[in-house]
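Shown next, in structure tokens, is the structure this report addresses.
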């Protein structure tokens, strides 16, 4: 892939911004039925629906998606990661405008980091997106969470748009933000976003201790975050596009840690993040159906962890980590005939990690991805196939490293339109995730014998999607059955003192995802909205045949997850109610329900929100109020991390 | 699920004792004390760190029943986070709860709490005369008066002390320095148990954790090595150091690979510890040579050996298996010939065993 390097001098970086859908089957369906009509299962939420889910960050916004379980350590600054269909957070790629947000150290993206102020829409694709004109990384994970930012769409008459707002409420939250969109000329526009977020993060919870519930308060969980983000968009005369984005995020957080019985509420641990990235994209379409996308990114992420109470010689822990990523991608697609498109994409990523730890290995990983993909449509039948080649080479300053890997990963997705509203679909995807730097090199628990973790996914499903002329405007129903198998699952274990990482687990899962969405006119003034999602996940631990754990449900994987969202709109007013349910979860490999402390009980959460969109002296304003955990449920998503009870939030926004 | 069939166990064990007592190395020359009888066996399960799921499994020999968490039943409160060591001394039981900074002292029969002592990151407990000696990760050994149940003295030792053993009237403390990777401690503190002062530090293989002593006044120290590998910290592997408790000098040092947890016990003429391939090495204390690569002779496989205890009254060797370290473990009873007699399900990470008499 030397030519890519040559073609991609770093500062000359170019790339794609908007994955324009060209083939008919990947078009977003009717504006009325907001359903992503993709080959494989896909779900989407747009900015105006965030309030329906009382969402503050990306993790909140996708709560209503089927097959998604969110691991939440609680509070404003608490880590939130997403696991799709029980495969674990490392198997979901998070894309920002088509370019992956990668964490080579931990392999998991904290979705609480993404404030929604600048998000236009979020989509989740099982398998991979249907659009094959994408960077190779879009093909390289078991599922893709694609976040799209707001892009300026301004006219010469009003060449600017400035929105300013503030959100505040429980946990001492104060979150002012501003967004400035500006059109400079026919070809050039920019957008700048900035926000600060401050919260003391305090909340009350109860700790269970043998039949007694002891009230405690979460302290030292304060959050101070600033983010500034800017992007320039250029459109050429030939409709080629270029964009360049720069983003800086600073967070200063208190880490309350796990609640441990008999010791004072944890306090004093701190975490600082300084994350910088810049990414650029260039896109050009030629008349003959040829399209080029070039993307690049540089990311520099610094993490500082401090624990003031540690029984070492220093008396504290003070760890600094810095990871860098250099990324370039080129993708060429070509429409051979009206119903056949092929593409080839090649990505190069170089990831490094340094830390102030003794005997640190200073790893550098070079990943080269090449993917060949095809979208073929004939009559009622659509077929997508792709083969991804992944080539991973790693070097370390001291010690040994993983052997060079060269892996081929196939995907096959099919779609058949049975009759007008009914479509059948199926997909198979074989993919792996490489061991992360943490798993390989975290101080002395080095295990460079780790193999990649392979996931095989099979899915069959049906969609029913109909726009109706009567009071009910549309009705859409999706149902999918799936089977997953994860081989060589990477697990932290105590096998070698005091902690090591090994490829020891084998996991199989069967599941079902169901979704229903409809909107209906209620009289002449009101409109009713309804969305119901249900997921069944039976994820089995098959690591030790014959052992008591054989076929046990995996930790943190609820058998049943359900979400109900109802709402009423009336000319600028909206009132919404969201109810989610999670069945019990286990927090270790036992499936023991003989004592209610041996598992995490089921929980049910309700959120209520209201929004008003109107005008103040001709200026558009938006006011919203949200109550989260309406009935004050006491629950834990992660063991020893009690979640907050009832909380509220209000927001106000004005646009000039 | 599985229960101890005590009757059969005793029969087979006594048979096995008769059969093996002819061998040249007597596993235990002390005859069972007449009238002494075990009421039951306690297994302290660590649970997982930060999960507050430490439990105390109890098996009652007369009723043949298992209580999954006797502490919880007796006190209606949880043990806390990461119960690391357990000891029965007289009528009392001492439970060392590492991450909850507690030593919980209970009635040995009922597990009913008598007193809780707060000690920073306590690790292990040993007894001598009227003292309970508790090592703490803060670099100390606390002396608890077993009558008043108060801490009467705190002795400074090396960094992050782990296990202790009593030999020749002295307490030997393994100073691991385990939180100072890769500049671990490599000493064993010698504490005079009459004056309760540290008299000496003996240099052993780096990162000592486990320690025991035999009847010949040999102190065995298992060290984990330094996991090093760069120029500043060249790698030192794991190994055993044998100290002569009469002279307090190192008798021998050798390299051995251990598994996790590395319990070590001495019983009669033998010293037992798990090796990296999950076998229970049997070392001859008299000849200072390896007696058998695996104590277990009937092919029983222990996935993750986690605790060892020998009951001289019943002549039984108990070995726990922590399996995947994230689900309930198993305790096995073996006869002295290394044949499995019975087994029982424990809690998660069964790391410590104690016997209680009737």
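The values are calculated or read from the model by the stated rules, or taken from the named source; none is laboratory data. Note that this is a predicted model, so its numbers are computed, not measured. Here the Cβ positions follow ideal geometry from the backbone for every residue, glycine too, while neighbour counts run over all protein chains shown.
Points worth noting:
- Some residue of segment B:30-39 being within 14 Å of chain A (Cβ to nearest Cβ) and either under 18 Å from residue A:597 (Cβ atoms) or at pLDDT 90 or above (or both): no
- Within the option set A:193, A:175, A:198, A:185, being away from chain B (no Cβ under 14 Å) and loosely packed, with under 15 Cβ neighbours inside 10 Å holds for one residue only, A:185.
- Some residue of segment A:558-579 being within 14 Å of chain B (Cβ to nearest Cβ), touching a strand residue (DSSP E or B) at 6+ places or on another chain (Cβ under 8 Å) and outside any strand (DSSP E or B): no
- Among residues of segment A:286-334 being under 22 Å from residue A:386 (Cα atoms) and over 27 Å from the mean Cα position of the chain (by Cα), the one that is farthest from the other protein chains (Cβ to nearest Cβ) is A:289.
- Counting only strands (runs of 3 or more DSSP E) wholly contained in segment B:276-351, the ones carrying 1 or more residues that are within 14 Å of chain A (Cβ to nearest Cβ) and either in contact (Cβ under 8 Å) with a residue 12 or more places away in the chain or farther than 19 Å from residue B:38 by Cα (or both) occupy B:305-311, B:316-321, B:328-334, B:340-348.
The rows are residues; the columns are (1) in a strand (DSSP E or B); (2) modelled with pLDDT under 95.
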| residue | (1), (2) |
| --- | --- |
| A:459 | yes, no |
| A:462 | yes, no |
| A:474 | yes, yes |
| A:481 | yes, no |
| A:491 | yes, yes |
| A:496 | no, yes |
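- Applying the condition of being over 15 Å from the mean Cα position of the chain (by Cα) and within 16 Å of residue B:133 (Cα to Cα) to segment B:78-97 and asking which residue is nearest to the other protein chains (Cβ to nearest Cβ) yields B:92.
- Among (1) in a loop (DSSP other than H, G, I, E, B); (2) surrounded by fewer than 21 Cβ atoms within 10 Å (Cβ to Cβ); (3) in contact with a strand residue (DSSP E or B) (Cβ under 8 Å, 6 or more places away or on another chain) - the single one residue A:133 does not satisfy: (2)
- The residue that is farthest from residue A:264 (Cα to Cα), among those in segment B:114-142 that are part of a loop (DSSP other than H, G, I, E, B) and within 14 Å of another protein chain (Cβ to nearest Cβ), is B:139.
- So residue A:606, is it part of a strand (DSSP E or B) and either in contact with a helix residue (DSSP H, G or I) (Cβ under 6 Å, 6 or more places away or on another chain) or under 28 Å from residue A:214 (Cα atoms) (or both): yes
- If only residues of segment B:98-108 that are in contact with a strand residue (DSSP E or B) (Cβ under 8 Å, 6 or more places away or on another chain) and not in a strand (DSSP E or B) are counted, the one that is nearest to the other protein chains (Cβ to nearest Cβ) is B:101.
- Each residue in segment A:518-549 was checked for being within 14 Å of chain B (Cβ to nearest Cβ) and either in contact (Cβ under 8 Å) with a residue 24 or more places away in the chain or in contact with a strand residue (DSSP E or B) (Cβ under 7 Å, 6 or more places away or on another chain) (or both), and 6 pass.
- Residue in segment A:630-648 that is assigned to a strand (DSSP E or B), at negative phi, away from every other protein chain (no Cβ under 14 Å) and at pLDDT 95 or above present: yes
- Residue B:84 assigned to a helix (DSSP H, G or I) and in contact (Cβ under 8 Å) with a residue 24 or more places away in the chain: no
- Residue in segment B:263-272 that is part of a loop (DSSP other than H, G, I, E, B), closer than 30 Å to residue A:501 by Cβ and within 14 Å of chain A (Cβ to nearest Cβ) present: yes
This table checks each residue for (1) buried (at least 21 other Cβ atoms within 10 Å of the Cβ); (2) at pLDDT 95 or above.
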{"site": "B:303", "(1), (2)": "no, no"}
{"site": "B:313", "(1), (2)": "no, no"}
{"site": "B:346", "(1), (2)": "yes, yes"}
{"site": "B:355", "(1), (2)": "no, yes"}
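- Flag for residue A:616 being within 14 Å of chain B (Cβ to nearest Cβ) and touching a residue at least 12 places away in the same chain (Cβ under 8 Å): no
Residues are listed down the side, and each one gets a yes or a no for (1) out of contact with any helix residue (DSSP H, G or I) (no Cβ under 8 Å at 6 or more places or on another chain); (2) within 14 Å of chain A (Cβ to nearest Cβ); (3) in a strand (DSSP E or B):
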| position | (1), (2), (3) |
| --- | --- |
| B:158 | yes, yes, no |
| B:202 | yes, no, yes |
| B:215 | yes, no, no |
| B:228 | yes, yes, no |
| B:233 | yes, yes, no |
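- Looking across segment B:204-213, the residues that are within 14 Å of chain A (Cβ to nearest Cβ) and not in a loop (DSSP other than H, G, I, E, B) come down to B:208, B:209, B:210.
- Matching residues, segment A:217-235, being touching a residue at least 60 places away in the same chain (Cβ under 8 Å), closer than 20 Å to residue A:638 by Cβ and part of a strand (DSSP E or B): A:218, A:223
- So residue A:116, is it farther than 17 Å from residue A:373 by Cβ, in contact (Cβ under 8 Å) with a residue 12 or more places away in the chain and buried (at least 23 other Cβ atoms within 10 Å of the Cβ): no
- Failed criterion for residue B:111 (all others in (1) farther than 16 Å from residue B:176 by Cα; (2) more than 11 Å from every other protein chain (Cβ to nearest Cβ); (3) part of a strand (DSSP E or B) hold): (3)
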